[in-house]
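Chemist: Structure provided below as C-alpha cells; questions to follow.
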Amino acid sequence: MSEEKVVCVTGASGYIASWLVKLLLESGYAVKATVRDPDDHKVKHLHEFDGAKEKLLLFKADLLEEGSFDSAIDGCEELIDPAVKGTLNVLKSCAKVQSVKRSWYALSKTLAEEAAWKFAKENGIDLVTLHPGVVIGPFLQPTLNLSVEGILMATSGAEALPSPYKLVDVRDVAYALIQALEVPTATGRFWKRYTPEDKNETTQQFSKERAKSLGINFMPWEVSLTDTMGTLKEKGFIDL
C-alpha cells in the first residue's frame, strides 16, 4: 500500500469483523470501526491489536438507526460491512460522503442484497458482496458466535459437524476481503451454481479460479477445526 487508506468496518466486534480489523491494522490501514457501545467489555480485544492505539478509532452506531454511521464513514475510502441487518442505513451514510469508493457486504438474505444493489446503482456506489459458507476458526471476541457455537454443540453430540466442503476459515474470509480492497478487479462470486444430469437437483460448485485471483490458499479444514477447538478451550468454553 503506497499511502495510508482509511477503512470503515461496521459491527467491528463480531467474528469476521474482528479479524478484519486485526488484519487491516497489520496491513497498515487506518480503521474507523463501529460498535454498539465503545465502552462495552466485549470490544476490549479490539484495543489490544497491534497498531490499534495509533490507527483504530471506535464509533458508536446502530445498524437500525438511520444516520448513525455518518461520522464513522466520513473520510473513509472503503467500507466493509460483515453484518446482515441495516444494509440500507449504512448505504445511505455512504451516499452522503464523496470519499467512499467501494463497499463490501456479506449478506445472507437475497432480498437484503437486492435492495443493496438497487440502492448502490441509484446512488453511484461501487458495491461488492462476498458469500462465505460456514465460517469456523479461532475467534478473537470474548463471546460465541453462531457458527462456532455449532462446533461446540457438535463436540457434545447435540448437533452434527458441518460437511468439510461447507467450511471456510474466518482468516481466509478476512484475507479475501482485504485482498479485494487492493485487487478490486479480481472480486466476484467464489461459488457458481450448476445443474448436474439430474435436472431436479441443483448444487453448488466451488470456483477455485476466483480464489486464486485473490491469492488465497485455503486453510485445511482440519487446521481450522483444531484452531477452533483450541480457542474454545483457551476461553473456557470446553475442558479438554
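Chemist: Students often get this wrong, so check it: of LYS42/LYS212; LYS44/LYS121; LYS5/LYS60, which have C-alpha atoms separated by over 28 Å?
Modeler: Working: LYS42/LYS212 35 Å; LYS44/LYS121 37 Å; LYS5/LYS60 21 Å.
Flagged as over cut-off: LYS42/LYS212; LYS44/LYS121.
Chemist: Same structure, new question: Determine ³J(HN,Hα), in whole Hz, for all residues of segment 36-49 in sequence, where each value follows from phi through the Karplus function 6.51 cos²θ - 1.76 cosθ + 1.60 and θ = phi - 60°; x replaces Gly and Pro.
Modeler: After applying 6.51 cos²θ - 1.76 cosθ + 1.60, I find 5, 9, x, 9, 6, 5, 6, 9, 4, 5, 5, 6, 8, 6 Hz.
Chemist: Using θ = phi - 60° and the Karplus curve 6.51 cos²θ - 1.76 cosθ + 1.60, what whole-Hz ³J(HN,Hα) does each residue of segment 12-17 get, with Gly and Pro shown as x?
Modeler: Listing the rounded values in order: 5, 8, x, 4, 5, 4 Hz.
Chemist: Please give the contour-minus-distance gain from ASP39 to LEU144: 0.36 nm per residue of separation, less the Cα-Cα distance, rounded to one decimal in nm.
Modeler: 35.9 nm
Chemist: Let me ask another. Counting heavy atoms of the protein chains only and a 1.4 Å probe, report the per residue accessible area for segment 1-73 as a whole number of Å².
Modeler: Working: 3670 Å² over 73 residues.
Computed with neighbouring chains in place, this is 50 Å² per residue.
Chemist: Here's a follow-up. Test of understanding: what is the full-extension gain from HIS47 to GLU26, defined as 0.36 nm times their sequence separation minus their Cα-Cα distance? Provide the component values of the computation, followed by the final result.
Modeler: Working: separation 21, 0.36 × 21 = 7.56 nm, distance 1.32 nm.
My answer for the length gained is 6.2 nm.
Chemist: At LYS60 and VAL128, where each label point lies 7 Å from the Cα along Cα→Cβ, what is the point-to-point distance in nanometres?
Modeler: Taking the two extended label points, one gets 3.4 nm.
The values are calculated or read from the model by the stated rules, or taken from the named source; none is laboratory data. Every value quoted in this text rests on a predicted model; they were computed, and no experiment measured them. Cβ sites come from the backbone with ideal geometry, for glycine too, and all protein chains shown count toward neighbours. Each accessible area value is taken on the protein alone, full model and side chains, heavy atoms only, with ligands, DNA and RNA left out. Shrake-Rupley method; radii C 1.70, N 1.55, O 1.52, S 1.80 Å.
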